[in-house]
Amino acid sequence: MKSLVDLIETSNRLDDDQLRALLTTTDAEVVDYLHERARAVAQARYGTGIFVRGLIELTNVCRNDCLYCGIRRSNRHVARYTLTADQVLACCESGYALGFRTFVLQGGEWGDERADWIAGIIREMRSRWPDCAITLSLGEHSREVYALWRECGADRYLLRHETHNAEHYAALHPAEMSRDRRLQCLAWLKELGYQTGTGIMVGSPGQTVDHLIDDLQFIREFRPEMVGLGPFIAQHDTPLGHYPNGTIDMTTRLYSLVRLMLPNALIPSTTALATLSPEGRLQGILAGANVAMPNLSPADYREQYALYDGKAHTSSEAAEGLRQLATQLATIGYHIDWGRGDYRKNLDP
Ligand code: 5AD
């Protein structure tokens, strides 16, 4: 079984049955070896530095009604907010002073009619912080809107495909959404020259090992620059609120498999993983993740951006959170890398 780990490291691919073997093995030695090789590959490319991204949660207003998500349209228990442009820029300003060189604007999905307002914020960020990367995570839009935001200076876009299986996608989303539409958006983002991120929720209701294999093969073929993987975590006000959470074990296996298939990928050790256990963030890094995304949103709004129950949010300011992260990383011999952390295409196999 260890030879499968060696095979994926040297060839950057495995067939479906080989992936199944690594996803389902109960041999702890094999799983440890998988993490060890993924960690070695990450270190060979990126050293022991972890890139940080300043996350700004722009709005929890959302037109979608995804069955798993705490800020879905029909959840009446959420106090809705949208930051003002000035609040966003103030987050960037304090984030820049702390050393951040990537800002991630994340939010619920709006119709294209507010695209110009967002375009104005991107333009302002681009002119005030020309040395920073701007990442968007704002859901599905028309090709025109993606093009507009790119012209305004956005560099990267995160849009998880959530699951590559069309029926499973349909079981997690309302009828007006589709897997094909999601894949179309991802293709546009790539064409427009965004560094593109996709990914899934691990252990989402109805997910099978076959789905995960399909997701891994899709990720390998699509070659995203970034891969976001976090465990599903139930949110009690949603229709899927009674399902069990995803596991750290399966999430970290996927980090390692993605690292070995796409050695240069930027893989965050996600907040959802850190929510499952205090050691989650470090376990993700030891399995091959190389990015962390501390929250820069104003502390008084964080509680309202509750995608799932128990979402790790401190009321502490960003500076305090960073100190904690740096201290935690030091315990496993890692440190914060303050660079922009762009994808390193020149190292592609
Ligand atoms: N558990 C885990 N992740 C979730 N997301 C949304 N709801 C949940 C949940 N209940 C993730 C989705 C989305 C990202 C922004 O947050 O994968 O793409």
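The number of residues in segment 317-337 that are open to solvent by 30 Å² or more (accessible area, probe 1.4 Å), of a type outside the set (D, E) and either within 16 Å of the ligand (Cβ to nearest atom) or without any contact (Cβ under 8 Å) to a residue 40 or more places away in the chain (or both) comes to 5.
The residues of segment 71-105 that are open to solvent by less than 10 Å² (accessible area, probe 1.4 Å) and of a type in the set (F, W, Y), listed by number, are F100, F103. I'd like the residue in segment 156-207 that is surrounded by 19 or more Cβ atoms within 10 Å (Cβ to Cβ), among the basic types (K, R) and part of a helix (DSSP H, G or I) and, out of all such residues, is nearest to the ligand (Cβ to nearest atom). The extreme case among them is R182.
The numbered conditions (1) basic (K, R); (2) touching a Phe, Trp or Tyr at 6+ places or on another chain (Cβ under 6 Å); (3) under 30 Å from T238 (Cα atoms) are all true for R76 except (2). When segment 1-36 is filtered for residues that are over 17 Å from Q217 (Cβ atoms), in a helix (DSSP H, G or I) and among the hydroxyl-bearing types (S, T, Y), the ones remaining, listed by number, are S3, T10, Y33. Summed over segment 1-16, residues that are among the hydroxyl-bearing types (S, T, Y) and under 27 Å from the mean Cα position of the chain (by Cα) total 2.
Each row is one residue, and each column tells you yes or no for (1) free of Cβ contacts under 8 Å to residues at least 40 places away in the same chain; (2) over 15 Å from I200 (Cα atoms); (3) within 14 Å of the ligand (Cβ to nearest atom).
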{"site": "Y255", "(1), (2), (3)": "no, no, no"}
{"site": "L262", "(1), (2), (3)": "no, yes, no"}
{"site": "I267", "(1), (2), (3)": "no, no, no"}
{"site": "G288", "(1), (2), (3)": "no, yes, no"}
{"site": "Y301", "(1), (2), (3)": "no, yes, no"}
{"site": "L307", "(1), (2), (3)": "no, no, yes"}
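Filter segment 208-253 for residues that are of a type in the set (S, T, Y), surrounded by fewer than 24 Cβ atoms within 10 Å (Cβ to Cβ) and within 14 Å of the ligand (Cβ to nearest atom); which is farthest from A133 (Cα to Cα)?
By that ranking, first place goes to Y243.
Within segment 145-164, the set of residues being in contact (Cβ under 8 Å) with a residue 12 or more places away in the chain and more than 19 Å from the chain's Cα centre (by Cα) comprises V145, A147, L148, W149, R150, C152, G153.
The values are calculated or read from the model by the stated rules, or taken from the named source; none is laboratory data. Note that this is a predicted model, so its numbers are computed, not measured. Virtual Cβ from ideal backbone geometry, glycine too; neighbours counted across all protein chains shown. Protein only, heavy atoms only, side chains kept; ligands, DNA and RNA dropped before computing areas. Shrake-Rupley method; radii C 1.70, N 1.55, O 1.52, S 1.80 Å.
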